[in-house]
Amino acid sequence: MSQVTNIATDTPETLLRGVLEANGQRFTEQRAAVYRFLRATRQHPTADEVFTAVRGEITDISLATVYKALETLVSCGLAIKLAFGDGSARYDARTDDHCHARCTACGIVLDVAGPDLTRVLPALSPANGFQVQGYRVEVVGLCESCAV
Ligand SMILES: [Zn+2]
Ligand SMILES: [Zn+2]
């Protein structure tokens with residue numbers, strides 16, 4: 001299959017349209033607004049936070065529509081869903097392998113710069129025939145504002 005989209009050069013709209021159509025999904029203004037917001041933020045928002053932001057642009061959008069749009073983006077590989085110990089789900093339009101740091105006081109989630117852990121993590125091999133399906137690395141601590 002030839003590559004129809006280029007994540008580096010396409011505008012978010014063109015990229016979204018191409019990927020949605022390749023996955024048999026419809027391009028809608030709601031999905032576009034959700035994707036635009038997710039691409040523009042580094043906050044790793046929850047569905048609620050996306051809803052609050054996008055409602056400023058599309059006043060009649062519902063939380064259910066936002067939630068479905070986010071899940072569609074995840075299923076098409078345009079976003080990842082981050083699940084944390086506190087049960088909250090957050091979304092990230094950055095889909096390359098990267099780690100996150102979570103503030104235990106305010107809950108903010110930040111990207112972590114550092115070495116490519118996908119190369120070192122396979123050195124961790126659990127005993128007793130455990131079949132590794134993946135790794136989750138989470139840095140926990142206090143963010144800059146909470147640490148003072
Ligand atoms: Zn904090
Ligand atoms: Zn991230």
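The values are calculated or read from the model by the stated rules, or taken from the named source; none is laboratory data. Note that this is a predicted model, so its numbers are computed, not measured. Neighbour counts are summed over all protein chains in view; Cβ atoms, including those assigned to glycine, are modelled from backbone coordinates with ideal geometry. Protein only, heavy atoms only, side chains kept; ligands, DNA and RNA dropped before computing areas. Shrake-Rupley method; radii C 1.70, N 1.55, O 1.52, S 1.80 Å.
Compared with the rule-of-thumb size 2.2 N^0.38 Å for a compact globular protein, the stretch 22-84 has a Cα radius of gyration ratio of 1.03. For the chain, with every protein chain kept in place, what is the accessible area per residue (1.4 Å probe, Å²)? Dividing the accessible area of the chain by its residue count gives 64 Å². For a modelled paramagnetic label at Glu21, 7 Å from Cα along Cα-to-Cβ, the residues of the stretch 72-98 in reach, with backbone nitrogen under 19 Å, are 73, 76-78. Computed as a quarter of the hull surface, the mean projected area of the alpha carbon convex hull for the stretch 99-147 stands at 4.4 nm². Under 18 Å from a label point set 7 Å out along the Cα-to-Cβ vector of Arg119, the amide N atoms of the stretch 67-100 belong to 96-99. Can you give me the relative contact order of the chain as a percent, contacts being Cα pairs under 8 Å and 6 or more apart? Once normalised by length, the contact order is 18 percent. At q = 0.14, 0.18, 0.20 Å⁻¹ the log10 of I(q)/I(0) for the chain amounts to -0.79, -1.14, -1.26, computed by Debye summation with a single uniform scatterer per C-alpha, solvent ignored.
For the chain, the 222 nm mean residue ellipticity estimated from helices alone, with every DSSP H stretch of n ≥ 4 adding -39500 (n - 2.57) and the total spread over all residues, rounds to -10000 deg cm²/dmol.
Quick one: net charge around Ser75, please, counting Lys, Arg +1 and Asp, Glu -1 for every other residue with C-beta under 11 Å from its C-beta. That works out to +1.
Counting only trypsin sites (Lys or Arg not before Pro) that sit in a DSSP loop (anything but H, G, I, E, B) with at most 14 other Cβ atoms within 10 Å, what is the longest stretch of the chain containing none of them? So the longest stretch without any such site is 43-93. Projecting label points 7 angstrom from Cα along Cα→Cβ for Val132 and Thr52 puts them 3.8 nm apart. Scanning the chain for cysteines with no neighbouring cysteine C-beta under 4.7 angstrom from their C-beta gives Cys76, Cys99, Cys106, Cys146.
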